[in-house]
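Asker: Structure provided below as structure tokens; questions to follow.
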Amino acid sequence: MRVRRFLVTAAAAIAGMTGLVATPAHAVAATTLAGTIALSNCSASLVRYPSSVSSDRAMMLTNGHCYEGGFLSNGQVLQNRTSSRSGTLLNGTGGSLGTVRADRVLYATMTGTDVALYRLTSTFATLQSRYGATALTIASSRPAAGTSIAIPSSYWKRIWNCKVDAFVPQLREGDWTWRDSIRYDTACDTIHGTSGSPIVSASSGQIVGINNTGNDDGERCTLNNPCEVAADGTITVSQGQSYGQQTYWFTTCLNASRVIDLAKSGCLLTKP
């Protein structure tokens, strides 16, 4: 998983680069760090549903494995849990706009997908007025193979640009299994600390997934070494390959009040 790890080594590698933003492998619409939120151990973003309104409480999205209580067990789902998580809201160039705080975990899991969605104490309108901040919209549909994407990491203040290479029926890492995982092409060689970064469509500017892991050492299905499991059960290991998980599932579970309802027909999020 791409949670912060071996920071001294990683920081040295970053320092040796000529710039903080990776050179795009393809011509894509510019994605900045605006709307991203830096956490102590991960990346995150300020998000809204397609149906959100300005008076709604703003939300923060990161990985389930970035949850402040530690890794969630296989099959574990958190919903409507009290939280005091805080992060630093960034502008387009990575400068600090201020601190945002959560008061509730709306939904979190590391099973099926790898997400933690928080409710913030401020509304979208308040953050817009105070900081000029606009939330990224969680797309309501699955991305397509070949989609040009950007992965802005608030932790490293760096942006990766690449394309969706393919989808993996099952991705296994340690005790966890994720479904319909997003595999990037080699230009998105994300590193530890990028966990929780949004996967942003270059054409729409909407969030089409969330970055969460990559195979570090070439091991098979171990922690920090996910393996791909095909529909026929064949296991493939690709050292250096990075992956993300689905986020449009949130939109399949919303009721008329824009509240996550896991009992809603067609809801794709993992149930307890």
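Asker: Any chance you could count how many residues in the stretch 195-206 are outside any strand (DSSP E or B) and hydrophobic (A, V, I, L, M, F, W, C)?
Answerer: 1
Asker: Would you pick out the residues in the stretch 175-188 that are part of a loop (DSSP other than H, G, I, E, B) and buried (at least 20 other Cβ atoms within 10 Å of the Cβ)?
Answerer: CYS188
Asker: Here is a check on your reading of the model: is GLY95 in the same structural domain as ASP175 (by TED's automatic domain parsing), over 20 Å from ASN212 (Cβ atoms) and not basic (Lys, Arg)?
Answerer: no
Asker: Go through (1) out of contact with any Ser or Thr (no Cβ under 6 Å at 6 or more places or on another chain); (2) in a strand (DSSP E or B); (3) of a type in the set (Gly, Ala, Ser) and name the single condition GLY209 misses.
Answerer: Only one criterion is unmet by GLY209, namely (1).
Asker: Tell me yes or no: at least one residue of the stretch 148-156 is more than 26 Å from PHE71 (Cα to Cα), in a loop (DSSP other than H, G, I, E, B), in contact (Cβ under 8 Å) with a residue 60 or more places away in the chain and not hydroxyl-bearing (Ser, Thr, Tyr).
Answerer: no
Asker: Exactly one of these conditions fails for ASP103: (1) touching a residue at least 60 places away in the same chain (Cβ under 8 Å); (2) in contact with a Leu (Cβ under 9 Å, 6 or more places away or on another chain); (3) not β-branched (Val, Ile, Thr). Give me its number.
Answerer: Condition not satisfied by ASP103: (1).
Asker: Also: Output the residues belonging to the stretch 225-251 that are loosely packed, with under 15 Cβ neighbours inside 10 Å and in contact with a Cys (Cβ under 6 Å, 6 or more places away or on another chain).
Answerer: ILE235 - this is the single residue of the stretch 225-251 that is loosely packed, with under 15 Cβ neighbours inside 10 Å and in contact with a Cys (Cβ under 6 Å, 6 or more places away or on another chain).
Asker: Moving on to the next point. When you look at ILE210, is it crowded, with 24+ Cβ neighbours inside 10 Å and in contact with a strand residue (DSSP E or B) (Cβ under 9 Å, 6 or more places away or on another chain), yes or no?
Answerer: The answer is yes for ILE210.
Asker: Sticking with this one: If VAL28 meets every condition in (1) modelled with pLDDT of 95 or more; (2) surrounded by 16 or more Cβ atoms within 10 Å (Cβ to Cβ) apart from one, which number is that one?
Answerer: Here VAL28 clears every test but (1).
Asker: Shifting gears a bit: Return yes when ARG172 is of a type in the set (D, E, K, R), in contact (Cβ under 8 Å) with a residue 40 or more places away in the chain and crowded, with 22+ Cβ neighbours inside 10 Å and no when it is not.
Answerer: no
Asker: Tell me whether the stretch 220-227 contains one or more residues that are part of a loop (DSSP other than H, G, I, E, B), without any contact (Cβ under 8 Å) to a residue 40 or more places away in the chain and over 27 Å from GLY87 (Cβ atoms).
Answerer: yes
Asker: Restrict the check to the stretch 132-147 and report whether at least one residue is more than 13 Å from the chain's Cα centre (by Cα), polar (S, T, N, Q) and more than 16 Å from ILE210 (Cα to Cα).
Answerer: Within the stretch 132-147, one or more residues are more than 13 Å from the chain's Cα centre (by Cα), polar (S, T, N, Q) and more than 16 Å from ILE210 (Cα to Cα).
The values are calculated or read from the model by the stated rules, or taken from the named source; none is laboratory data. As the structure is a prediction and not an experimental result, all values here were calculated from the model. Using ideal geometry, Cβ is built from the backbone for each residue, glycine included, and neighbour counts are taken over all protein chains shown.
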